[in-house]
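The values are calculated or read from the model by the stated rules, or taken from the named source; none is laboratory data. Here the structure is a predicted model, which means the values were calculated and not measured. Ideal geometry is used to build each Cβ from the backbone, glycine not excepted, and the neighbour counts take in all protein chains shown. In case anyone asks, the SASA skips ligands and DNA or RNA and just uses the protein heavy atoms, side chains included. Shrake-Rupley method; radii C 1.70, N 1.55, O 1.52, S 1.80 Å.
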Amino acid sequence: LPLDIGRAQRTAPPHLRAALLARDGTCAFPSCDHPPGTPDAHHITSWIDGGATDLSNLVMLCGHHHRAVHHQHWQITVEDGRPIFTPPPTIDPPRRPRPGGRPTSTDHTTLLRQVIPRPRQPEATPAHT
């Protein structure tokens, strides 16, 4: 099935959404830790501005990050098949691009280390005499 629908329809059909989920996961935003839900297929170049419904012009976003991209004006590009997110200057003045897409196992491990508290070490018990 074609992954480039062009301007024939605005919404991504199921087979295109499946390809997006395979590439991006449920949200391509860098280090998204929102629980999986029903993600949105976001047009990088807006449909209203002539953007096509093509794999190269779509990115999966959770509802929270879809609103953030629109309201905060993040820039998104796709390079080598991976979404790249560039923050607005109000968030990062040098506008350093951040890779997005399906997190790797290393990304997951780093995220888990940041959010899961370390186990407490057992307290030393005094020696009885």
Collect the residues in the range 72-104 that are of a type in the set (Asp, Glu) and over 17 Å from SER31 (Cβ atoms), keeping them in residue-number order. GLU79, ASP80
HIS65 vs. criteria exposed (fewer than 13 other Cβ atoms within 10 Å of the Cβ) and not small (Gly, Ala, Ser): no
Scan (1) of a type in the set (A, V, I, L, M, F, W, C); (2) in contact (Cβ under 8 Å) with a residue 60 or more places away in the chain; (3) farther than 21 Å from TRP74 by Cα for the single condition ALA28 breaks and write down its number. (3)
Matching entry among PRO99, PRO103 (being modelled with pLDDT of 90 or more and open to solvent by 50 Å² or more (accessible area, probe 1.4 Å)): PRO99
Just the residues that are assigned to a helix (DSSP H, G or I) and either more than 22 Å from ARG98 (Cα to Cα) or open to solvent by 30 Å² or more (accessible area, probe 1.4 Å) (or both), please, taken from the range 10-37. PRO14, HIS15, LEU16, ARG17, ALA18, LEU21, ALA22, ARG23
Criterion (open to solvent by 60 Å² or more (accessible area, probe 1.4 Å), more than 14 Å from GLY101 (Cα to Cα) and basic (Lys, Arg)) met by exactly one of ARG7, ARG82: ARG7
